[in-house]
1. So in the stretch 16-39, with the set limited to residues that are assigned to a helix (DSSP H, G or I) and not aliphatic (A, V, I, L, M), which one is modelled with the lowest pLDDT?
2. Return the only residue of 13, 65, 95 being at pLDDT below 95, surrounded by 14 or more Cβ atoms within 10 Å (Cβ to Cβ) and closer than 22 Å to residue 142 by Cβ.
3. What residue, of 100, 47, is at pLDDT 95 or above and surrounded by 14 or more Cβ atoms within 10 Å (Cβ to Cβ)?
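The values are calculated or read from the model by the stated rules, or taken from the named source; none is laboratory data. This one's a predicted model, so the numbers in the text were calculated from it and none came from an experiment. Glycine also receives a Cβ, built like all others from the backbone with ideal geometry; neighbour counts cover every protein chain displayed.
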Amino acid sequence: MTNSRMKETNLKDPQAHKSFGAGLRSPGLLARRPVIGCLMFIFGVLGFAGLTYNLFAQGPLLELDRRIAIAWPAIALKGPAFLKGLIDSGFYIGDQVIIGLSILLSIYFIFRRYWEELTMIVIGIPGSSALFLLLSRAIGRVRPSTQIWIVEKIPGFPSGHAITAFTFFFLMAYLLVPKMRTAFSKGVVVFLATFIIVFVGFSRVFTGGHYLTDVLAGYAVGIAWSGLAYTLIEGYFKKRESQNVKKE
């Protein structure tokens, strides 16, 4: 493609230039279709609001919480020896592993000068942790008394692991799926991201680290935060690129 044709394409779609270079770039879908991010935000907020109302109104889901918090840790304690390491890995994936991967990705994005993608990481992931600290302390729900193996004392509604896992692995799937050449490989990426998100939440409930509704509320916050943050970031960079193209 000649420079003139490339420039003409950029004028029509400022995001189109990203496809010309290799690298882990944002596809720009949320900027082109902000309604997706808006729906994610609305769905997440409504889900979190409903679960929070159920908590304070002593709704029917609390009895399910109580039963699972008693039964699942008891099953875990009776399981084979390797089960502890397998299930505890969900705790570390949703915490230290995500932190480590975020640092590596940040270095990569800085090296490649991918400022939009870097912004997604440095705002999206720390932002999810900040939301957990803010919301969990404001609500103040005590964790199950049946915690095993890894015991935490801080309030647990919503689950910080669930928020961060969704925020990070949703972004990974969002960046990687457009790079896949076949429908099968795209499906594999989506499946793996979904599996890890669900596994992290399951591991926290299975060991009594959270009630089930803690994790569901965490997913709801993660959906809302991802939709809001990533859409706004992409929209900002798309607007800036459009202004730069017009100046040229």
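1. Among them, the one singled out is 20.
2. Numbers: 13 fails: closer than 22 Å to residue 142 by Cβ; 65 fails: at pLDDT below 95.
Answer to the check: 95.
3. Values: 100 fails: surrounded by 14 or more Cβ atoms within 10 Å (Cβ to Cβ).
One residue alone meets the criteria, 47.
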